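One structure is given below, encoded as structure tokens.
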Amino acid sequence: MLLVLNLQKQREPPELPCNLIVEVDRISNLPGHIIDKILSHLSLRDAVRTSILSTKWRYKWVTLPYLVFDNQSVLVSAPDQTLVKNKLYLAAGTIPGKLPKPCVDLSFLSIRINFNDIEENLAALCLLRSCPNLQELEMLARTEDQAPSRAATNIAENFQSFPFNQLRIVKIVGVSGIQQELYFINFLLANTPVLERMTVKPGSMDGGWELVKELLRFRRASMHAEIIYLDP
């Protein structure tokens, strides 16, 4: 019996030292373009969550070339979003002119915005100034939140010396022709020297022709810029 036990013990493979047992992280070792493809199919929230996978993934999400800020990026119900937004502004203090570190890999940006909200306008300008290689911009007006402001302020006039040298395509959807929207559109047209196409689609037919006349009056930095007006 002892002999049998000894033979069985001899048949067992020798244990490897602990320092030779290495876990294979196959995902982290994938080519960079494949990792970018995986991240591009995730929501912004889920992409940020990948930073906890390992130290290799801590900053991979910041290289995403596409960012979308919409209702799907928020976990709270619609009535609470304004409260959360105000708390974030309060916590952050004054909105900076640009981010501490530029988003050099960002080529597409989509934002849902209330043009009558000064803080949201400043936040959008901060993002735009922080994306030197941005090529395509989409802005979706939140008309349901755009209560008339007491006085329209052209906040973009303080940013006239910051051209967007790579921005080629702009799409603005849901506009109603309020003064703040026109200020922002005028600002973009005046600061996009390589703009090829700006598409504007109002939220309703009210004041459509007045909006068209305003758009045609705006000065364009790009000689080849085309303004396309789409019916609601």
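Residues SER176, SER204 in ascending order of nearby Cβ atoms (within 10 Å, fewest first): SER204, SER176.
Which of LYS101, LYS201 has the fewest other C-beta atoms within 10 Å, and how do the rest follow up to the most?
Numbers: LYS101 8, LYS201 16.
Placing the least packed residue first, the sequence is LYS101, LYS201.
Classified by the C-alpha gyration tensor, segment 177-232 has a prolate form. Its axis ratio a/c, with a ≥ b ≥ c, is 1.5 or above, and a/b is larger than b/c.
Stretched out fully, how many nm does the piece from GLU214 to GLN179 gain, at 0.36 nm a residue minus the Cα gap?
Details: separation 35, 0.36 × 35 = 12.60 nm, distance 1.04 nm.
Gain on stretching GLU214 to GLN179: 11.6 nm.
Counting other beta carbons within 10 Å of each residue's own, what order do MET198, MET223 fall into, fewest first? Mind dumping the intermediate values first?
On the way: MET198 25, MET223 7.
By the 10 Å Cβ count, ascending, the order reads MET223, MET198.
Read the figures in this text as sums done on the coordinates, not as results from a lab. Fair warning: this is a prediction, and the values are worked out from it, not measured in the lab. Please note: Cβ atoms are built from the backbone with ideal geometry, for glycine as well, and neighbour counts cover all protein chains shown.
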